[in-house]
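Read the figures in this text as sums done on the coordinates, not as results from a lab. Everything numeric here is computed off the predicted structure, so don't read it as measured data. Glycine gets a Cβ as well: all are built from the backbone with ideal geometry, and neighbour counts include every protein chain shown.
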Amino acid sequence: MPELPEVETIRRQLEPLLVGRRLGRAWAFAHAKFLPALDVGPALVERVDRRGKYLLVGLDDDRELVIHLGMTGSLRVRPAGDDGDAYVRAWWAFEDERAGGEALEYRDVRRFGRLAVAEGGRYAGTLAVQGPDALDRTLDAETFWRSLRASRRAVKTQLLSQRPIAGVGNIYADEALWRVGINPARRTVTRAQAAALLDALRDVLTASLHHGGTTLTNYRDVAGREGRNQQRLEVYGQAGLPCPRCGTELRARVLDARTSTWCPSCQPR
Ligand SMILES: [Zn+2]
């Protein structure tokens, strides 16, 4: 599932392709998750933002097209018209003359993604309640620690909830917790641990962004390319292999319905 580095990679690529262009005629697959595509436009794209794992396409009518890529969602700009791809869930044709008959297309094989239109910065669902973006430098370690302390759930579960910090999913949570030696099932962390965890999260996210994100199976950028960060993962998905730090066999267990990988020596309970 795309997390912050993958969504930010897409945002950076989309920005020059969309800003200053007018979205016109739209089409959507007949499902409540994609029909909001039809509520967009005609409108000029003013900016392409991101909050956590959400893309926000800012329009000149005080509205935003909100895109969550789910598990297999991807975006590209291609010639307008039906291209016979059964997995396209929505498209928006560009109206301006420089477009030359192009469209922004949303494709999603497994349909875990969704589209919405937000007006005047009023959001719904996770986007409305999630914490500050992980790369938002105004979030300090003390605030992060206090928001972790506000819940008694496992630290990994809290990270995946997006409430203490937005943009972190299973891959980067496992990587960061391993780096700082915090067991994913721990229910309390010290102030020092929280500070180290925040730094580690930002480090793993930034490094992955630098390498175009992580492609395990599905993720592709706007140009259809895979990320390059998957070769750099140290523990995620590597249960049974030796810990890169101490050699102990890495373990996996299901914690609140998500598989976590950790080192029993470096990350004691
Ligand atoms: Zn270890």
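Adding -39500 (n - 2.57) for every DSSP H run of four residues or longer, then dividing by how many residues the chain holds, sets the calculated 222 nm ellipticity at -7500 deg cm²/dmol.
Proximity of backbone amide H atoms, modeled 1.01 Å from N, is registered between Arg89 and Tyr106, Arg107, Asp108 at under 5 Å, excluding neighbours fewer than 5 places apart on the same chain.
Inter-part distance, segment 236-258 to segment 104-124, computed on C-alpha centroids, equals 34 Å.
Label separation (Asp96 vs Ala223): 2.2 nm, computed from points 7 Å beyond Cα along the C-beta direction.
Taking square-rooted eigenvalues a ≥ b ≥ c of the alpha carbon gyration tensor, is segment 161-253 rounded, prolate or oblate, where a/c under 1.5 means rounded and, failing that, a/b exceeding b/c means prolate?
oblate
Across the chain, the mean sequence separation of Cα contacts (distance under 8 Å, 6 or more residues apart), normalised by length, yields a relative contact order of 18 percent. Screening the chain for whole DSSP H helices of 15 Å or more along their axis (Cα) with average Kyte-Doolittle hydropathy at least -0.5 returns 4-18, 170-180, 191-210. Per-peptide packing, taken as the mean over residues of other Cβ atoms within 10 Å, places 227-239, 50-62 in the sequence 50-62, 227-239 from highest down. The modelled label-to-label distance between Arg186 and Arg152, using points 7 Å beyond Cα along the C-beta direction, is 1.9 nm. Extending 7 Å from the Cα toward the beta-carbon at both Leu35 and Ala257 defines two label points whose distance is 2.5 nm.
Could you give the size of the charge dipole of segment 65-108 about its Cα centre, using +1 on the Cβ of each K and R and -1 on the Cβ of each D and E, expressed in debye and rounded to the nearest 20?
Approximately 200 debye in magnitude.
Ranking Ala176, Thr215, Thr190 by how far each Cα lies toward the positive end of the dipole of segment 167-226 (charges on Cβ) leaves Thr190 at the top. Close amide H contacts of Gly169 (hydrogens built in the peptide plane, cut-off under 5 Å, sequence separation of 5 or more or a different chain): Leu4.
Segment 166-233 and segment 41-56 have their alpha-carbon centroids 24 Å apart.
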